[in-house]
Amino acid sequence: MKPLLAILAVFIVGCASKAPELTQYLLRTDTPDRIAEQAPASTGIGILTVASYIDTPGLVLESGNGEVHAARHHQWADPLRESLRSFLASEISAATGRAIGAYSYRESDWKRRLDIHIDQLHGSVDGSAKLVANWAVIDATNQTVLAEHSFSETEPLSADGYDALVRAEKNLLSRLANAIAATLFRESGHEASSQS
Amino acid sequence: MNEMKPSVSSGRKLSGVWIIPLVAAVIGLWMVIHTAMTEGPSITIDFKTAEGLEAGKTKVRILSHEIGLVEDVVLKADVSGVTATVKLDPEAKPLLREDTQFWVVRARVGAGGVSGLGTLLSGAYIEMAPGAAAEGRKAYVALEAPPLTAVGAPGLRLTLFSDRAGSVSIGNAVLFHGYRVGRVEAATFNSDRQQVRYDIFIDAPFHELIHSATRFWDISGIDFDASATGIQLNTGSMETVLLGGLSFGTPPGVAAGEPVADGTEFTLYGSYNAILENPYEYGTHYVVSFRQSLRGLAPGAPVEYRGIQVGRVERILLKELSGMGMGADRTDVPIPVLIYLEPGRLQIPDSEDSVSLLRTNIEQSVRDGMRATLQTGNLLTGRQLISFDFYPEQAAAELGQFEQYTTVPTIDTGLAQLQTQVSELFKKLNALPLEETVAGTNRAVAKLDGALVSLTAALDSANAMLSSTDTTELSGELVASLQKLRVVLDGFSQNAELYKSLNASLRSLDATLDNTRNLTRQLSDKPNSLLLPARTEPDPIPRANRQ
């Protein structure tokens, strides 16, 4: 009987050992939501895909030579492919001053569609965050591609830790939204918001 | 006057003393006669070798009782053996008959057992088996081995002939229903009959089991038979498996025959199956000729009439065929097969009359369409058999003649028939006028072009008709139907409840799958993480760029 109790005790102690705390981050835009009052969107985000290695809850850190590590204890609160939709829609909308549909509920009303692919979004050992993305502007009526663009930038971390990484990644995504906004209405002669 | 006359006598008077030699002579004569009368007989016995024989020492015994002594052993002039002179006791004289047997008893070790161990110490001796024939023989030839059956033993001595020696040898048991009732006494090769001759002895009272319908078969070893009817394994007793032996009995359905006398000849069959296949005495030969492959058709293969065995294949008459020179066309010469049909198998009496009846029947049946065919009896072993059946579509035919045998007409069946049919089909295909057909088709296509022009004109007319008022009304109905269809499809549009509900469910399913993926990833990293605590390694911390 005694050995059994001892084994049980080992298990209880093992289970009771303290696991590191899980920290989750929301990807939310800091711009005020003014778009809801506007007219129905004539443009929206259609297909949004993220690279497989970042389609995971953990924040990804590249440690060199292509080796990546998805954090176990620092995670996005929402899947990126979901939160990116509303984040980018809000940011692009803020940049262009027009309503941008985040979901394809009213896709039939759209004149333009944005298909976005996030290729890289991770922190690096050299103390920076990197974002590589490309997108296409599509004429929703004729289903033709009007233009294709790509974006690749890095942002240095302001401090150690994942908080700084999240902040840097959000900054990069905001800049991506601005870049998209700049290209969005250019093709058909619409006024485009000025973005550097 | 009385004169004195001298008495004259020869003066020679037999002296009494002579009585002595006379008596001696009488006594001597009596002694000679007595000796001759009371002395035992002296005989000569020829042996192959003098092994164990010693003059003055080797004794002659009967039932272990001493009755004589070897007096002398001399080598024969031609060195073919030795001749022993044996002096027997007077009491043995009446035992010396024509069939009296002598043999040397010495230690023997054989497959049947060990005998004569006592002679290892006492030395060999000559055993005598008294006979029952006429007296007076003085010279004998010794047996090489002790006789298996005592002279005069009650029973029946039979002769068996076999085509092959098999594994039956001298001393082997003769069994009846597995019980030992006799033995093989001798095995010799009969050059006249080109057969092996076995002399067997059946002990009384079992000799009464033998009658003219009795069959003998070899039960030596293990009998393994794979034939058209399947695979069969037969064994006798352990003794016969190891040493060999014979068995006898009456085939099923055959009535008991007449009692037999000593020396009756029987055939020794190779196996019980051979007897089952040949239980009848009367039969008749026929020849059937085939153009197809005879692979798998072995002598002994069954000849059947609608599945009932009526005979067997005797052999393929290749020798006779080659003797005929095959004629001019060697490619199409049918190969004759000799078959043996037995009327007894058809449940009619096994007699000459039945054979005549069978021949008459076959002659009539062939006119009515009966033919012989070669068929596969066992797909596993590929054994073939010959089958008789009626083929009414066949033209009437008559029996033929091959050498001294009557032939029954045959037809090809099964694969061979299929092969012939396919071959004929291809011949017909080859003969088809394909080129002319193609040319004809081309002409037809040209005509079709003309027809298409006509069709276009017809369609123009149809268009004109469709644009008329009646047809327009029809399209109005079509529009109404399409509107209804649109109402239905609106239920599936993006703003419809159904669509929203479906979308919510899909998002919920998506979230569930996400969680499942995380769990799968965790389990893949650490399969035991459900039971044991997860690793507590901290994540690497991203460092700010200090440069």
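The values are calculated or read from the model by the stated rules, or taken from the named source; none is laboratory data. Computed from a predicted model, the values in this text were never measured in an experiment. Note that we place each Cβ from the backbone using ideal geometry, even for glycine, and neighbour counts take in every protein chain shown. In case anyone asks, the SASA skips ligands and DNA or RNA and just uses the protein heavy atoms, side chains included. Shrake-Rupley method; radii C 1.70, N 1.55, O 1.52, S 1.80 Å.
Descriptive notes on the structure:
- Counting 0.36 nm for each residue step from B:Leu452 to B:Leu399 and taking away their Cα separation leaves a gain of 12.4 nm.
- Cut-off under 5 Å, modelled amide H: who pairs with A:Val68 long-range: A:Ser63
- Evaluating 6.51 cos²θ - 1.76 cosθ + 1.60 at θ = phi - 60° for every residue in the stretch B:509-525, the Karplus couplings come out as 5, 4, 4, 4, 5, 4, 4, 4, 5, 4, 5, 4, 5, 5, 5, 5, 5 Hz, glycine and proline recorded as x.
- Table column - 3J(HN,Hα) (Hz), the stretch B:300-306, Karplus curve with 6.51, -1.76, 1.60, x for Gly and Pro: x, 4, x, 10, 10, 10, 6
- Summed over qualifying helices (DSSP H, 4 residues or more, each -39500 (n - 2.57)) and divided by its residue number, chain B shows a 222 nm mean residue ellipticity of -10000 deg cm²/dmol.
- Candidate residues B:Lys57, B:Lys5: accessible-area rank, largest first, probe 1.4 Å: B:Lys5, B:Lys57
- On the protein assembly as shown, 57 percent of the accessible area sits on carbon and sulfur atoms, based on a 1.4 Å probe.
- Rough spin-label spacing in nm, given labels placed 7 Å along Cα→Cβ, for B:Glu424 and B:Val74: 9.1
- Residue (of A:Ile100, A:Gln120, A:Leu88) at the positive-pole extreme of the stretch A:88-127, dipole from beta-carbon charges: A:Ile100
- Calculated FRET value between B:Leu509 and A:Arg81, using beta carbons and R₀ = 22 Å, to 0.05: 0.90
- Chain B contacts chain A over a buried accessible area of about 2300 Å², both sides summed; the probe is 1.4 Å and only protein chains count.
- For B:Arg61, nonlocal amide neighbours, meaning residues 5 or more places apart or on other chains whose placed amide H falls under 5 Å from its own, are B:Ile67, B:Ile126, B:Glu127, B:Met128.
- Net length available on complete extension from B:Gln483 to B:Ser212 is 87.0 nm, with 0.36 nm assigned per residue and the Cα-Cα distance removed.
- Using Cβ point charges alone (K and R +1, D and E -1), the dipole size of the protein assembly as shown about the Cα centre works out to roughly 1840 debye.
- One chain, two ends: B:Leu318 and B:Thr264. Fully extended at 0.36 nm per residue, the span grows by 15.8 nm beyond their Cα-Cα distance.
- DSSP-defined antiparallel bridges as percent of all bridges, chain B, nearest 5: 80
- Probe 1.4 Å, accessible area per residue of the protein assembly as shown, Å²: 60
- Between B:Asn190 and B:Gln347, the modelled label-to-label distance comes to 3.7 nm, taking each label 7 Å out from Cα in the direction of the beta carbon.
- For the cross-link pairs B:Lys59/B:Lys93; A:Lys130/B:Lys526; B:Lys319/B:Lys428, the ones whose C-alpha atoms lie over 28 Å apart are A:Lys130/B:Lys526; B:Lys319/B:Lys428.
- Taking amide H as placed 1.01 Å from N in the peptide plane, A:Leu146 has its amide H under 5 Å from the amide H of A:Val137, A:Ile138, A:Asp139, each at least 5 places away in sequence or on another chain.
- Net charge dipole, the stretch A:52-196: roughly 420 debye, given to the nearest 20, about the Cα centre with Cβ charges of +1 for Lys and Arg and -1 for Asp and Glu.
- Residue-wise HN-Hα coupling along the stretch B:284-297, computed from phi with Karplus coefficients 6.51, -1.76, 1.60 (Hz; x: Gly, Pro): 9, 9, 9, 10, 10, 10, 10, 9, 8, 5, 9, 4, x, 9
- Calculated FRET efficiency, B:Lys93 to B:Asn234, Cβ-Cβ distance, R0 = 41 Å: about 0.20 to the nearest 0.05.
- FRET efficiency, 1/(1 + (r/R0)^6) with R0 25 Å, evaluated for B:Asp203 and B:Glu144 via beta carbons: 0.65
- Measuring gaps between exposed loop sites in chain B (GluC sites (Glu not before Pro); DSSP loop; at most 14 other Cβ atoms within 10 Å), the longest gap, sites not included, is B:404-547.
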